[in-house]
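Q: Starting off with a structure, shown below.
Quick note: the coordinates plus some simple rules give every number you see, no bench work behind them. Here the structure is a predicted model, which is why all the values come from computation and not from measurement. In this analysis, Cβ positions are derived from the backbone assuming ideal geometry, glycine residues included, and neighbour counts consider all displayed protein chains.
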């Protein structure tokens, strides 16, 4: 940790003068009030460490990367003209913020180590009781273009122009990286990145991004490649008995359909879709397709559509630690799916609901669908 108490006064490790560094002073932990020792050297950041093992929640061994990251966050906020408090303890919630910015009522957390979803959500909700906002900034271990659904659920926020996004700080390189427009394309999570030399530039970008920032339309070659990969993944899961798509496969069997043979419209669109679905948007769209076109009706009322939406939301939603309500995103995807079905001639909207105009054709097997993806001039 970077802050300790000395004679009842808080002191930061990097503020200890050269004379005091050689003295054995009675530093104590601000939380548990047990003795801590001051550590410093040529190759490591000055910090405090508990003298002996303790149950104190702030006694964990911090990496040099984490210590350096906290100092950088404080330095950048000071450069913006704001006060910044290192390791601010909030006794009312029993939490310690890496950096607290009182002027903005903002908590900055630099997360370098693995952490569970429940811990992230609990800590975020705790900080929001004492501050207006929490900004999680991720360390190098999270810096990758191989996005995982679990990481997005823990750390992603939403911006009207930037879409779903999260922030990394690369201590070795010394810059911040924004990952934004996170979305799903044929079962793969993709996104864009932008680097910033300091926190001031990043926060300014988040406050007022360029109007040109929009999801890119992916080329037909990219779409074809991603669809073939997803199709191969589904086939491997079917052949090896993996449970990734088992609920969707079982659901299709109940309707005498093959999951792998679902119409291409179920795979999404060329810009990608919001990363809000458990397993994949493919499973959600197939579930809806089976019930919209079950052959027993030519019309469906708005009340039945709402019921379908609510059931599908409960079954396929992802819980987010940083987003309190994901239902509006589901509603947007539901409307977009109905629009796509309308544009491709499957249905039309009426005053009271929808009318079915034609039934989608399902592929008979893996080979037929694979051949179509490889040879069709236009996909999605």
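Q: How would you rank 356-364, 104-112, highest first, on the average number of other Cβ atoms within 10 Å across their residues? List each step's numbers first, then the result.
A: Details: 356-364: 14.0, 104-112: 20.4.
Ranking, from highest mean packing down: 104-112, 356-364.
Q: Be a star and scan region 359-380 for residues whose amide nitrogen sits under 18 Å from the point 7 Å along the Cα-to-Cβ vector of residue 232.
A: 366-376
Q: Hey, rough spin-label estimate for residue 132 and residue 118, points 7 angstrom out along Cα→Cβ, what's it come to in nanometres?
A: Distance between the two pseudo-spin positions: 3.3 nm.
Q: For Cα extents along the principal axes in Å, the listed values are (i) 70, 47, 35; (ii) 83, 43, 40; (iii) 56, 51, 45; which was obtained by calculation from the structure presented?
A: Computed from the coordinates, Cα extents along the principal axes in Å corresponds to (ii).
Q: For residue 33 and residue 150, what is the calculated FRET efficiency with R₀ set at 41 Å and r taken between the beta-carbons, to the nearest 0.05? Present the calculation step by step, with values, prior to reporting the outcome.
A: On the way: r = 37 Å, r/R0 = 0.91.
Calculated transfer efficiency: 0.65.
Q: Right, here's the next one. Run the quick spin-label model on residue 75 and residue 359: label points 7 Å from Cα toward the beta carbon, then report their separation in nm to one decimal.
A: In this crude label model, residue 75 to residue 359 measures out at 6.7 nm.
Q: Taking 0.36 nm per intervening residue step and subtracting the Cα-Cα distance, what contour gain separates residue 64 from residue 94 on full extension? Mind dumping the intermediate values first?
A: Numbers: separation 30, 0.36 × 30 = 10.80 nm, distance 2.43 nm.
In short, 8.4 nm is gained.
Q: Here's another thing I want to ask about it. Kindly express, to the nearest 10 degrees and within the range 0 to 90, the angle between helix 64-79's C-alpha long axis and the longest C-alpha principal axis of the chain.
A: Result, in degrees: 90.
Q: Under the 0.36 nm per residue contour assumption, what length would be gained going from the current alpha-carbon distance of residue 246 and residue 14 to full extension?
A: On the way: separation 232, 0.36 × 232 = 83.52 nm, distance 5.54 nm.
Difference between extended and current length: 78.0 nm.
Q: What full-extension length gain, to one decimal in nm, is calculated for residue 208 and residue 299 as 0.36 nm per residue of separation minus the Cα-Cα distance? Kindly include the intermediate steps, with their values, before the conclusion.
A: Working: separation 91, 0.36 × 91 = 32.76 nm, distance 4.47 nm.
The residue 208-residue 299 span can extend by a further 28.3 nm.
Q: Return 87, 60 ranked ascending by Cβ neighbour count within 10 Å, so the fewest neighbours appear first.
A: Working: 87 21, 60 10.
So the ranking, lowest neighbour count to highest, is 60, 87.
Q: Same structure, new question: Show me 306-312, 243-249, 210-216 ranked by packing, highest mean number of other Cβ atoms within 10 Å first.
A: Details: 306-312: 14.7, 243-249: 16.7, 210-216: 11.6.
Result, highest mean Cβ count within 10 Å first: 243-249, 306-312, 210-216.
Q: Assuming a ≥ b ≥ c are the square roots of the Cα gyration tensor eigenvalues, decide whether region 182-270 counts as rounded (a/c under 1.5), prolate (otherwise, with a/b larger than b/c) or oblate.
A: prolate
Q: Is region 158-212 rounded, prolate or oblate when judged by the Cα gyration tensor, a ≥ b ≥ c being the square roots of its eigenvalues, rounded requiring a/c under 1.5 and prolate requiring a/b larger than b/c? Walk me through the intermediate numbers first.
A: Details: a/c = 2.83, a/b = 1.36, b/c = 2.08.
Since a/c reaches 1.5 but b/c is at least a/b, the shape of region 158-212 is classed as oblate.
Q: Counting helices only, and only those DSSP H runs with n ≥ 4, report the 222 nm mean residue ellipticity of the chain as the sum of -39,500 (n - 2.57) divided by its residues, in deg cm²/dmol to the nearest 500. Show your work: numbers first, answer last.
A: On the way: 11 runs with 131 residues, N = 380.
Roughly -10500 deg cm²/dmol at 222 nm, from the helical runs in the chain.
Q: For region 119-175 and region 351-367, what is the separation of their C-alpha centers, rounded to whole Å?
A: 39 Å
Q: With the cut-off at 1.5 for a/c, could you classify region 288-378 from its C-alpha gyration tensor as rounded, prolate or oblate? Please report the intermediate quantities before stating the final value.
A: Values: a/c = 2.08, a/b = 1.26, b/c = 1.65.
Because a/c hits 1.5 or more and a/b fails to exceed b/c, region 288-378 counts as oblate.
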